[in-house]
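Taken together, the values in this text are just the output of simple stated rules run on the coordinates, not laboratory data. Everything quoted here is computed from the prediction, not taken from an experiment. Note that we place each Cβ from the backbone using ideal geometry, even for glycine, and neighbour counts take in every protein chain shown.
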């Protein structure tokens, strides 16, 4: 959506803070011995306390309030009885709605002991996100975002997953335009307008550029079992630095 009023902006800020707080609390609880289902229950409780509803459940009837993916699981991991082990790379994706407005955020959390490869992957994904923020401003092209992510990943020696982009968001969870994490000439035709609400979410891997669906019908795996990392914020395009709605205040 493109924000048309302060009322809309304030509503987006509210849900942005709710998902930010939820993710922050879940991150704090990531440790060996906890199950992904227990983590999800924490997220579900916080979302409910703030009067919001889980977007994966509301929109897609997903079997969990949040998506929790480990290691070679790039996205949409189903919370359950799986126990988090030392050295795992845990991704938590939280999206929710309140009063008809949506926000979406995610982070990858390496569990100690953290290998050099996992740390470099996470650091590069965060750098890619920051470089994308730097070009995400009114008047620039949508393709500038994908170019920034792809160039960062390539420089670090990592790959970008082609099938997992960012997206516009606001009145629904997934809106147009699609925000690719690599350069594509079709994105040259879209100029970013002031007030556009999108997610920026680099998906980087240590190898694969593509994903496959697991037998559970939800979880998306890297095709070569390589590690995946993702960081996501919901932002508003401005004439300067983007407004990050899902940063904890």
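Can you give the FRET efficiency for residue 53 and residue 134, using 1/(1 + (r/R0)^6), R0 = 30 Å, r = Cβ-Cβ distance, to the nearest 0.05?
Working: r = 33 Å, r/R0 = 1.11.
E between residue 53 and residue 134, to the nearest 0.05, is 0.35.
Computed over Cα pairs, the Kirkwood radius of the stretch 142-249 leads via Stokes-Einstein (0.890 mPa s, 25 °C) to a diffusion coefficient of 167 µm² per second. Using the alpha carbons alone, the radius of gyration of the chain stands to its Kirkwood radius in an Rg to Rh ratio of 0.95. One decimal place: the segment residue 216-residue 85 gains 45.0 nm when fully extended, by the rule 0.36 nm per residue minus the C-alpha distance. If I take R0 = 30 Å and measure r between the Cβ atoms of residue 162 and residue 249 in this structure, what FRET efficiency does the formula 1/(1 + (r/R0)^6) give, to the nearest 0.05? Plugging the Cβ-Cβ distance into 1/(1 + (r/R0)^6) gives 0.30.
Taking 185, 112, 193 as the candidate residues, the one with maximal mean-square fluctuation in a Gaussian network model of the chain, Cα springs under 10 Å, is 185. Taking springs between alpha-carbon atoms closer than 10 angstrom, which of 209, 189, 120 fluctuates most in the Gaussian network model of the chain? Highest fluctuation of the listed residues: 189.
Stretched out straight at 0.36 nm per residue, the stretch from residue 238 to residue 191 would grow longer than its current Cα-Cα span by 15.7 nm.
Within the listed set 61, 123, 40, the residue fluctuating most in the Gaussian network model of the chain (springs between alpha-carbon atoms under 10 angstrom) is 61. What the Cβ-Cβ distance of residue 141 and residue 29 gives, at R0 = 35 Å and to the nearest 0.05, is a FRET efficiency of 0.30.
Diagonalise the Cα gyration tensor of the stretch 6-106 and give the resulting equivalent ellipsoid semi-axes, square root of 5 times each eigenvalue, largest first, whole Å. Intermediate results must be reported in sequence, preceding the final value.
Working: eigenvalues 122, 32, 25 Å².
Each semi-axis is the square root of five times an eigenvalue, giving 25, 13, 11 Å.
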